[in-house]
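This report refers to the structure that appears directly beneath it.
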Amino acid sequence: MRRLSLALVGLGVSACGGDKGPTEVGPVVAVVQVTSPVDTILALGRSAQLTAVARDQAGSPVAAQFTWATSNAGVLTVSAAGLATAQGAGTASVTAMATGSVSGGLRLRVVQADLATVSVLASDPLAGALVTGLSAAKESAVQAALGGCGTGAGSGNVVSVRNCANLVRAEAASATDPTDRVLLAVLALYADQIERLLGL
């Protein structure tokens, strides 16, 4: 009975903290990654919701609160929630700082892109008629490219619009059918005009 009492007393001492083990430390932020839904180019007057993710040394996500900042508010402002708004043509960096002074950033370029006119050109009836005159192989690719220009303009994604204009020109350059070559030469002019409207 006495041995049992001594054992219980020993357990009581341990439970009260008589033998403290090492304090557990939560995951430590090693890196912060900032991403944009419109890549690294933003049209003047447009906004983009940036996303910050903190990761530990193993690359696993870590819960963190972020403080957002911009290097040039005349070019780009950023809200406390990471909403970046283009204020003037130029380049600025946006940073997100997590607890512990670990930060990550993204450099964004603001351009005077006329996305409203890009949308009009991408859905121009003449361009649509030219596309329907292409061979089956070219029609689907060029139609998708012009559709991408319209979608990109609507979402404010300047990089997406530039890429789709490049796709139209690439289809024109690779055309071998005589009719395709003639029609795509005109459609390439549409692509050139679309890219000029991006202000790059």
Lys, Arg +1 and Asp, Glu -1 on Cβ, resulting dipole of the chain about Cα centre, debye, nearest 20: 820 debye
Given (1) 57; (2) 52; (3) 35 as possible values of percent of Cα pairs over 25 Å apart, the one from the coordinates is (1)
Relative contact order (%) - region 130-200, alpha-carbon pairs under 8 angstrom, separation at least six: 33 percent
Of all DSSP beta bridges in region 31-111, what percent run antiparallel (nearest 5)? 90 percent
Value at 222 nm in deg cm²/dmol, rounded to 500, when DSSP H runs of n ≥ 4 in the chain each add -39,500 (n - 2.57): -13500 deg cm²/dmol
Membrane-span-like helices in the chain: DSSP H runs reaching 18 Å or more (Cα, own axis), mean Kyte hydropathy at least 0.5? 2-15, 158-173
For region 117-161 versus region 30-73, the gap between their alpha-carbon centres in whole angstrom: 31 Å
Given ALA64, SER119, ALA141, which one lies farthest toward the positive end of the charge dipole of the chain, if we put +1 on the Cβ of every Lys and Arg and -1 on the Cβ of every Asp and Glu? ALA64
Determine the percent antiparallel among the DSSP beta bridges restricted to the chain, to the nearest 5. 90 percent
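Taken together, the values in this text are just the output of simple stated rules run on the coordinates, not laboratory data. Being a predicted model, the structure only gives us computed values, none of them experimental. Every residue, glycine among them, receives a Cβ derived from its backbone with ideal geometry; neighbour counts consider all protein chains shown.
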